[in-house]
Every structure is written in C-alpha cells, then in structure tokens.
Amino acid sequence: MRRWTVAEPEKRSDDIPAPTQARVPRASDRKMNAYVEPDVQDAIKRAQFWTQTQPNGYRTFSDLVEDVLRVKAQELADEYNDGEPFPPIPDGKLRQGRPIGR
C-alpha cells in the first residue's frame, strides 16, 4: 500500500498519469450544504487531492462526495428498505440541522 507524503520527489509532467475525466455539471444538479466536523473535512479533501491523478481517483471534490453519498444511500436502502430506493419525502417533512442529542 502506498503512503502519501508531502516530501514526494518531484515528477515531470510526462510521468503523471492523465487524470480521470471530471463529470460536467448538469442543469438539474443542486448544491448541498452540510455541517461536517473539521477533521472529516480535512481527511476527505486530502484524500481527493492526493489520489486525483490515480486510475480510480476523483478529479473533483464534488465527484468524490457524490459517489460517497450514492454508496451510502444504497447501503441504507439495502439495510432498511429491502434494497429499493426510499420513497419521496412528503413536502415540509424534511428536518433541518443536526439531530437532537448530537
């Protein structure tokens, strides 16, 4: 397993693999905001930065976040809804902010 360090030897541009193609935003895309602990933010941003030129790396932070959310949504559907997508949320029923007790 490769460990990333800041002191990596300099690479010439012809040594760096071509980055994966970033997904082009669609008109239907919507921005999301979430409160995330600083250590989690830092860890995921560093992971994206240091792996962006790898074969399975993520060219953009948004691509990584979208993939992580998609995987987690499927895991929750598998566990709580027999693997089927959850039904739409009724208007006005989505709670905002952190859950009580956190």
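Readers should treat all values here as calculations from the given coordinates under stated rules, not as data from a laboratory. Note that this is a predicted model, so its numbers are computed, not measured. Counting neighbours? That spans all protein chains shown, and the Cβs are built from the backbone with ideal geometry, glycine included.
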Practice prompt. Report the relative contact order of region 34-102, percent, no decimals, based on alpha-carbon pairs under 8 angstrom and at least 6 residues apart.
Written response: 13 percent
Worksheet item: Hey, quick one: spin label on Ile89, modelled 7 Å out along Cα-Cβ, who in region 42-78 has an amide N within reach, i.e. under 11 Å?
Response: none
Discussion item. Testing the spin-label approximation: label points 7 Å from Cα along Cα→Cβ at Thr60 and Ala73. State their distance in nm.
Written reply: 1.7 nm
Item to complete: May I ask you to evaluate 6.51 cos²θ - 1.76 cosθ + 1.60, the Karplus curve with θ = phi - 60°, for each residue of region 65-76 and list the ³J(HN,Hα) values in order in whole Hz, giving x for glycine and proline?
Response: 4, 4, 5, 4, 5, 5, 5, 5, 4, 5, 4, 5
